[in-house]
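The values are calculated or read from the model by the stated rules, or taken from the named source; none is laboratory data. Quick caveat: nothing in here was measured; it's all calculated off a predicted structure. Here the Cβ positions follow ideal geometry from the backbone for every residue, glycine too, while neighbour counts run over all protein chains shown. All accessible areas refer to the heavy atoms of the entire protein, side chains included, with ligands and DNA or RNA removed. Shrake-Rupley method; radii C 1.70, N 1.55, O 1.52, S 1.80 Å.
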Amino acid sequence: MKITLNQQATELPAHATVADALAQMQAKPPFAVAVNTVFVPKTQYADHALNEGDRMEVISPVTGG
């Protein structure tokens, strides 16, 4: 299936979850995740199924001032 991951077209296996997408991109904590502009808690990464056409954003904190 195709999703948009951080504004890039990405191919994932059917029935992929947020956890699968994070593993594929080798995300390094800390980060937050939103799917279709809705925050996904870390406790739901393995259970939150992705669908064709979803938009997933992985957002890292920015420090400084």
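For the range 46-58, the set of residues classified as loosely packed, with under 14 Cβ neighbours inside 10 Å, in a loop (DSSP other than H, G, I, E, B) and either aliphatic (A, V, I, L, M) or on the phi < 0 side of the Ramachandran plot (or both) consists of A46, D47, N51, E52, listed by residue number.
If you go through the range 11-45 and keep only what is assigned to a strand (DSSP E or B) and either among the charged types (D, E, K, R) or open to solvent by 40 Å² or more (accessible area, probe 1.4 Å) (or both), you end up with E11, V38, F39.
Just need a number here: residues in the range 1-10 that are open to solvent by 70 Å² or more (accessible area, probe 1.4 Å), of a type in the set (S, T, N, Q) and either touching a helix residue (DSSP H, G or I) at 6+ places or on another chain (Cβ under 7 Å) or not in a loop (DSSP other than H, G, I, E, B) (or both).
So the answer is 1.
Of T37, T17, T4, T10, which residue is at positive phi, in contact with a strand residue (DSSP E or B) (Cβ under 8 Å, 6 or more places away or on another chain) and not small (G, A, S)?
T37
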